[in-house]
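Here's the structure, in structure tokens; my notes come after.
Every read-out reported here was derived from the displayed coordinates using simple, explicitly stated rules and does not represent laboratory data. This structure is a prediction, so every number in the text was calculated from the model and none was measured. When we count neighbours, we look across all protein chains shown, and the Cβ atoms used for this are built from the backbone with ideal geometry, even at glycine.
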Amino acid sequence: MQAQDFKELQTKRLNLQPLVATFDFATYLFKLISNNREFFRFMPWAGVKTQEQEFDFLHDAKKNWKSKKSAIYGMYLKPEKKFIGVCSFFNIDWDDETGEIGYWLDPKHSRQGYMSEAANEIAKNFFDTGFKRIIIKADPDNIASCKTAEKCGFEREGVMRSVVFNPSLSRREDLVLYAKISNQKNNQK
């Protein structure tokens, strides 16, 4: 499949759009993550140490969106446009028509169905684009993340042992692998 432009998405309650690459937003994200370290302990990649590193992440996210390498969606509540989290489509392989969904949510907005709403919309969009397999990886101790994958119809395929180093826990961690396959009749390449 040829790489295609990413588009902004909408659900009943959310606008899903590219993150803004400004230093003010980087400062906001840095404070949000720093003030919720216990919540973000499951996400080794969230080990950003400075606002400058967060800004670099936002700048790279914008660049990767344009180059069709990853679609990192900010989740914004309608109609007030309040930022509540991130749901991404990344590790994209346009040739094999596969990708991965990852997500995190401001803890103040958890347990309200926002994450499954966003992940479902992103999966639907990329399946409609022609992708055949989408995965989600979750820490086995992150019950909420595992439940989100299952609620979105992703099937547990197994546990990937010692696959990632988590600096906040100072150890290697397992990840549960979930996958969803396109329901298109012709799933052959």
If the chain between Lys49 and Lys108 were fully extended at 0.36 nm per residue, the gain over the current Cα-Cα distance would be 19.0 nm
Debye, to nearest 20: dipole size of the range 9-181, +1 on Lys, Arg Cβ, -1 on Asp, Glu Cβ: 380 debye
Highest mean first, what order results for 81-94, 165-178 on Cβ atoms within 10 Å? 81-94, 165-178
For log10 I(q)/I(0) by the Debye sum over Cα atoms at q = 0.11, 0.12, 0.18 Å⁻¹, several values are listed as (1) -0.48, -0.58, -1.38; (2) -0.62, -0.72, -1.21; (3) -0.42, -0.50, -1.21; flag the one computed from this structure. (1)
Give the Cα extents of the range 49-141 along the principal axes, in whole Å, largest first. 37, 33, 31
Here, the range 125-189 modelled as identical Cα point scatterers in vacuum has Debye log10 I(q)/I(0) at q = 0.18, 0.22, 0.28 Å⁻¹ of -0.71, -0.90, -1.15
Top of Phe55, Phe126, Phe23 by mean-square fluctuation, Gaussian network on the chain, Cα under 10 Å: Phe23
